[in-house]
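Engineer: Could you have a look at this structure, given as structure tokens, before my questions?
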Amino acid sequence: MTATAARPALAAASVPLPASRRRRWLRRYGLASLGAAIILAWILVALLAPLILPYLPDTVEVTKRLQPPEAAHWLGTDALGRDDLTRLLYGARISLSTGFIVVVVGAVFGTLLGGIAAYARGAVEELIMRATDLVLCFPPIILALAIAAALGIGTTNTIIAMLVVWWPKFARLARSLVLVQRSHEYVEAATVVGLTPARILLRHIIPNAIGPLVVLVTLDVGNAIITFAGLSFLGLGVVPPTPEWGSMVAEGRELVEQWWVAAFPGLAILTVVLGFNFLGDGIRDWLDPKARRR
Amino acid sequence: MWERYFVFLKGLVHGDLGISIASQRPVLDDIEQFAPATLELASVGFLLALVVGIPLGIIAAVRRDSWIDHLARLVSLVGVSSPTFWLAFIMLALFYGGLQVAPGPGRLDPIAFPPPTVTGLYLVDTALAGDWAAFRDALAHLILPSLVLAAATLGLLTRTTRASMLESMQQDYVRMARAKGLSEWRVILGHVLPNALIPVVTLGGLAYANLLTGAVMTETVFSWPGLGRYTFTSAAALDFPAIMGITLIVAVTYLVINLLIDISYALMDPRVVR
């Protein structure tokens with residue numbers, strides 16, 4: 001006990017707590033920490049992929065096509081003899097970054113529009129909120145599919161198509177949050193002091209209303225990753241030689257006998273999305289003690 | 001641009017959605033041809049999700065923190081987090097490729113003739129024709145895709161039912177019912193459940209609308225000749241009259257289901273009517 005307690009603060013988590021407290025800590029933060037660990041691990045291997053892998057994602061070895069998982073190729077090889085593990089880790093770069101980009105840009109854009117709508121009221125609010133209604137009355141995947149098809153294949157085009165359908169939910173949430181904040185006295189005080197509306201919105205209201213938005217962002221990255229992979233699976237996302245999880249599943253979907261080609265990239269998507277769901281749920285419980293008890 | 005819009009509107013009020021570029025047939029005919037397959041698939045999938053998801057959510061809430069609660073949470077999380085297209089592949093690889101207990105993609109055996117069209121729902125049509133071998137064939141082909149389709153909805157329904165049950169179990173009328181000496185299951189089924197179902201109906205309705213319109217992935221993997229696959233092929237071929245027709249049908253479906261949900265509130269909760 002004394003020996004472990006003498007360790008630096010970094011090891012604090014491993015200091016043995018009384019059993020009851022440790023159990024409570026696990027119950028409260030266990031899943032969220034697991035989620036964060038999964039996400040961090042994926043980000044790490046995606047960044048370090050060139051250092052830890054002996055292959056390149058587009059090295060074709062026709063003699064070794066469709067090898068089952070073995071010592072030289074842990075996850076087997078695909079129809080062109082490319083190493084599946086290599087493609088999986090390089091694919092993490094595309095899947096993670098597109099997920100982040102879509103959600104973060106969509107959230108910033110949506111939050112600003114929703115905030116402006118709630119703050120300006122009147123005709124501006126009508127215009128913005130009716131625009132969100134317009135987008136929300138289509139199922140997201142079909143609208144994104146149609147837009148992505150019209151723009152043409154490519155990562156950027158697919159991200160643009162997804163952004164078009166992504167911002168409205170943030171606009172709605174932000175509007176309702178800002179409407180609540182607006183009635184508080186500190187907003188009145190800021191107005192009396194003579195601050196500009198833009199400053200009040202950006203510096204005072206939005207920081208106070210940001211909690212639920214952070215939860216939605218975290219839960220939503222998983223959604224965005226699934227949607228992007230889905231569009232790629234349908235042949236719209238990335239241009240073929242680029243390794244990406246959705247298109248890897250698509251390449252393997254006819255190969256029922258060689259299940260490893262499609263199974264592992266999908267498993268990768270599942271773990272990442274689970275990670276974001278764990279983390280998002282954890283943050284929600286942390287911000288909202290009422291939900292925690294449930 | 002404006003003129004074309006008015007031409008489109010004029011066709012619309014006459015029940016004409018234009019000619020599909022890819023199939024060279026009226027879009028409405030195409031949609032009529034593909035809609036029953038999707039309706040059948042989505043309905044069976046939704047039924048599966050309802051039958052499993054709601055009881056699972058109820059039991060999870062009643063036996064909170066028991067192993068069944070943890071199982072329910074795991075099922076719902078995995079259901080929500082798995083990409084549909086991948087789940088569809090895994091099911092096919094496992095039950096069709098590996099174990100060979102399920103039939104392959106499509107609605108019927110490739111050599112079988114489709115039943116005489118009455119409703120377009122193969123289950124109904126084969127039963128009407130009294131062709132039980134074909135009925136079994138159609139049912140067997142339905143199992144895998146509807147399971148896949150049910151997975152995400154199942155997760156959503158279980159989660160919502162559980163949360164909503166827990167919320168409603170803390171209300172005063174539940175304590176009252178317990179104080180009256182009602183048995184635990186009468187309290188749960190008679191008092192907690194009806195109050196807890198309202199958010200479940202809302203989400204369930206939207207989920208059904210999503211199933212009807214969002215079967216794109218499942219239908220593509222299972223070569224299911226429904227609206228989802230039609231959406232995908234039209235989008236890939238840039239067949240704009242078809243895409244516009246589909247989005248219109250989809251929006252109308254959403255509207256109708258939302259209306260039905262609102263009406264069902266009035267039926268379930270007398271307080272809404274007043």
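The values are calculated or read from the model by the stated rules, or taken from the named source; none is laboratory data. Quantities reported herein were computed from a predicted structural model and do not represent experimental measurements. Using ideal geometry, Cβ is built from the backbone for each residue, glycine included, and neighbour counts are taken over all protein chains shown. When the accessible area is computed, the model is the full protein with side chains, heavy atoms only, and any ligands, DNA or RNA have been set aside. Shrake-Rupley method; radii C 1.70, N 1.55, O 1.52, S 1.80 Å.
Engineer: Mind giving me the FRET efficiency for A:LEU151 and B:THR202? R0 is 35 Å, r the Cβ-Cβ distance, nearest 0.05 is fine.
Structural biologist: Computed FRET efficiency for A:LEU151 and B:THR202 comes out at 0.55.
Engineer: Amide H of B:ASP131 versus every other amide H placed in the peptide plane: which residues, excluding those fewer than 5 positions away on the same chain, fall under 5 Å?
Structural biologist: It is none; the list stays empty.
Engineer: Would you calculate the separation in nanometres between label points at B:ALA133 and A:LEU134, each defined as 7 Å from the Cα along the Cα-to-beta-carbon direction?
Structural biologist: Label-label distance for B:ALA133 and A:LEU134, simple model: 5.6 nm.
Engineer: Enter the buried accessible area of the A/B pair, total of both sides, probe 1.4 Å, in Å² rounded to the nearest 100.
Structural biologist: Protein heavy atoms only, the A-B interface buries about 3100 Å².
Engineer: So, one more: Using heavy-atom solvent-accessible surface (probe 1.4 Å) with all chains present, what is the largest-first order of A:VAL249, A:VAL193, B:VAL75?
Structural biologist: Putting A:VAL249, A:VAL193, B:VAL75 in descending order of accessible area: A:VAL193, B:VAL75, A:VAL249.
Engineer: So, one more: Set the Förster radius R0 to 22 Å, insert the Cβ-Cβ distance between A:ILE160 and A:LEU47 as r into 1/(1 + (r/R0)^6), and round the FRET efficiency to 0.05.
Structural biologist: Working from the Cβ atoms, E equals 0.30.
Engineer: Output the relative contact order of the stretch B:167-274, whole-number percent, from Cα pairs under 8 angstrom with separation of 6+ residues.
Structural biologist: Over the stretch B:167-274, the number comes to 21 percent.
Engineer: For B:ILE19, what residues show an amide H to amide H distance below 5 Å, using hydrogens built from the backbone and excluding near sequence neighbours?
Structural biologist: B:VAL27
Engineer: Another question about this same structure. Determine the share of the stretch B:160-213's accessible area contributed by carbon and sulfur atoms, expressed in whole percent, with a 1.4 angstrom probe.
Structural biologist: 60 percent
Engineer: Additional query: Multiply the residue separation of B:VAL52 and B:LEU71 by 0.36 nm, subtract the distance between their alpha-carbon atoms, and state the gained length in nm to one decimal.
Structural biologist: 5.6 nm is the gain from fully extending B:VAL52 to B:LEU71.
Engineer: Give, as ranges by residue number, the residues of the stretch A:233-264 whose backbone N falls under 20 Å from the point 7 Å along Cα→Cβ of A:PHE100.
Structural biologist: A:238, A:243-246
Engineer: Taking a point 7 angstrom from the Cα of B:VAL7 along the C-beta vector, which residues in the stretch B:232-256 have backbone N less than 17 Å away?
Structural biologist: Within reach of a label on B:VAL7, which here means backbone N under 17 Å from a point 7 Å along Cα→Cβ, the stretch B:232-256 contributes B:239-245.
Engineer: What accessible surface, in Å², does a 1.4 Å probe find on A:ARG130, ignoring ligands, DNA and RNA and rounding to the nearest 10?
Structural biologist: Probe radius 1.4 Å; accessible area of A:ARG130 about 120 Å².
Engineer: With all protein chains present, how much of the accessible area of the stretch A:133-176 (probe radius 1.4 Å) comes from carbon and sulfur, to the nearest whole percent?
Structural biologist: The nonpolar share, carbon plus sulfur, comes to 71 percent.
Engineer: Given Cα pairs under 8 Å that are at least 6 residues apart, what percent is the relative contact order of the stretch B:18-100?
Structural biologist: Here the relative contact order equals 11 percent.
Engineer: Separate question: Karplus couplings for the stretch A:148-164 from phi (6.51 cos²θ - 1.76 cosθ + 1.60, θ = phi - 60°), rounded to Hz, Gly and Pro as x?
Structural biologist: For the stretch A:148-164, the Karplus-derived couplings read 4, 5, 5, 6, x, 5, x, 4, 4, 4, 5, 4, 4, 4, 5, 4, 4 Hz, x marking Gly and Pro.
Engineer: Leaving ligands, DNA and RNA out of it, rank B:GLU219, A:GLU251 by accessible area with a 1.4 Å probe, largest first.
Structural biologist: From most exposed to least exposed: A:GLU251, B:GLU219.
Engineer: OK, next. Using a Förster radius of 45 Å, what is the FRET efficiency between B:SER183 and A:ALA37 based on their Cβ-Cβ separation? Nearest 0.05, please.
Structural biologist: After rounding to 0.05, the efficiency reads 0.50.
Engineer: Hey, rough spin-label estimate for A:VAL108 and B:MET176, points 7 angstrom out along Cα→Cβ, what's it come to in nanometres?
Structural biologist: Once both label points are built, they end up 5.3 nm from each other.
Engineer: Let me ask something else about it. How do B:GLU3, A:GLU125 rank by accessible surface area computed with a 1.4 Å probe, from largest to smallest?
Structural biologist: B:GLU3, A:GLU125
Engineer: Using protein chains only and a probe of 1.4 angstrom, how many square angstrom of A:SER183 are accessible, to the nearest 10?
Structural biologist: Looks like 90 Å² after rounding.
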